[in-house]
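Inspection log for the structure reproduced underneath, given as structure tokens.
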DNA sequence: TTTGATGT
């Protein structure tokens with residue numbers, strides 16, 4: 001009787017130590033994952049308030065960028081990456097092939113979009129990521145988890161012009177840029193729930209937030225561009241505040257910002273410092 | 001087709 005009690009106590013102690021290791025290990029992993037994500041993203045990765053199935057997501061780590069993946073929308077709700085001007089882009093290789101991403105769990109294959117009338121629209125862009133972060137990062141931008149259905153006129157013209165302006169015009173003006181971009185869906189989930197390319201829900205618009213992260217006086221430009229565009233519109237037509245994007249996505253961008261700086265950066269539409277007018281009407285490459 | 005993607 002006494003011996004079995006002793007053995008039980010020993011087993012209990014071993015179990016306790018094992019649990020301690022698991023908890024400590026999980027905590028360490030969580031801490032390092034957070035650390036890694038924060039290293040990638042100025043002022044914290046996007047968060048959401050409360051429990052909403054449509055904003056719930058998990059973070060996929062790639063070379064050069066992070067993806068906030070939603071298994072409900074079957075879309076990247078956001079991608080986040082940093083850019084800087086580069087001297088030499090001649091080392092960039094040819095366009096890699098699109099490839100399925102098993103981490104999404106959903107079977108999104110490279111031909112899921114075929115015949116749908118929608119392009120496989122990059123969220124983290126091929127050119128900028130390749131130029132700044134190298135070949136393996138470029139390959140990652142062709143994962144299907146980085147795609148969202150875009151109308152050709154948007155993807156190949158208006159959106160392309162915006163991405164080209166980010167890399168060729170905005171990046172050289174600042175040391176570093178933080179970019180967050182992603183889709184916007186109709187307000188009521190059920191209205192759009194069957195509007196899909198394969199399993200992938202079709203957005204009604206896309207946003208892009210570009211921040212020049214100076215410590216005390218960061219600058220930001222933000223855009224919302226709808227699917228239905230001709231493609232040759234001035235970029236400036238689509239300027240919005242970050243608050244508007246937060247309202248339409250349900251996400252909270254840059255959660256680590258102090259309330260005072262956040263109020264100005266996210267609530268006010270300020271274009272000083274970006275010289276947007278120099279590129280707003282610049283034609284695209286592919287028209 | 002050198003910053004976009006499709007379909008032949």
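Some observations on this one:
- Residues of the range A:272-286 that turn out to be surrounded by 14 or more Cβ atoms within 10 Å (Cβ to Cβ) and under 21 Å from residue A:175 (Cα atoms), as a count: 4
- Residue that is surrounded by the most Cβ atoms within 10 Å (Cβ to Cβ) [pool: residues in the range A:148-194 that are within 11 Å of DNA strand B (Cβ to nearest atom) and outside any helix (DSSP H, G or I)]: A:148
- Single condition residue A:100 does not satisfy, out of (1) surrounded by fewer than 22 Cβ atoms within 10 Å (Cβ to Cβ); (2) under 20 Å from the mean Cα position of the chain (by Cα); (3) more than 9 Å from DNA strand B (Cβ to nearest atom); (4) more than 21 Å from residue A:58 (Cα to Cα): (4)
- Count - residues of the range A:195-217 that are surrounded by fewer than 19 Cβ atoms within 10 Å (Cβ to Cβ) and not in a strand (DSSP E or B): 9
- Cβ-Cβ contacts under 9 Å between residues 6 or more apart (or on different chains), taken from a first residue in the range A:60-89 that is at positive phi to a second residue that is in a strand (DSSP E or B) and modelled with pLDDT of 95 or more, are listed as A:64/A:81; A:64/A:82; A:74/A:196; A:74/A:200; A:74/A:201.
- Within the option set A:244, A:233, being free of Cβ contacts under 8 Å to residues at least 24 places away in the same chain and surrounded by fewer than 18 Cβ atoms within 10 Å (Cβ to Cβ) holds for one residue only, A:244.
- Checked against (1) modelled with pLDDT of 95 or more; (2) on the phi < 0 side of the Ramachandran plot, residue A:109 passes all but a single condition, namely (1).
- Which listed residue is more than 9 Å from DNA strand B (Cβ to nearest atom), touching a residue at least 12 places away in the same chain (Cβ under 8 Å) and at positive phi, from A:117, A:134: A:134
- Among the criteria (1) farther than 21 Å from residue A:178 by Cα; (2) in contact with a helix residue (DSSP H, G or I) (Cβ under 9 Å, 6 or more places away or on another chain); (3) surrounded by 14 or more Cβ atoms within 10 Å (Cβ to Cβ), the one residue A:91 does not fulfil is (3).
- The listed residue being touching a helix residue (DSSP H, G or I) at 6+ places or on another chain (Cβ under 6 Å) and free of Cβ contacts under 8 Å to residues at least 24 places away in the same chain, out of A:259, A:186: A:186
- One residue stands out among those in the range A:137-146 that are within 11 Å of DNA strand B (Cβ to nearest atom) and either in contact (Cβ under 8 Å) with a residue 60 or more places away in the chain or part of a helix (DSSP H, G or I) (or both): the one that is surrounded by the fewest Cβ atoms within 10 Å (Cβ to Cβ), which is A:144.
- Breaking point among (1) touching a strand residue (DSSP E or B) at 6+ places or on another chain (Cβ under 7 Å); (2) at pLDDT 95 or above; (3) crowded, with 20+ Cβ neighbours inside 10 Å, for residue A:125: (1)
The values are calculated or read from the model by the stated rules, or taken from the named source; none is laboratory data. Quick caveat, the model's predicted, so the values are computed rather than measured. Note that each Cβ is placed from the backbone with ideal geometry, even for glycine, and that neighbours are counted across all protein chains shown.
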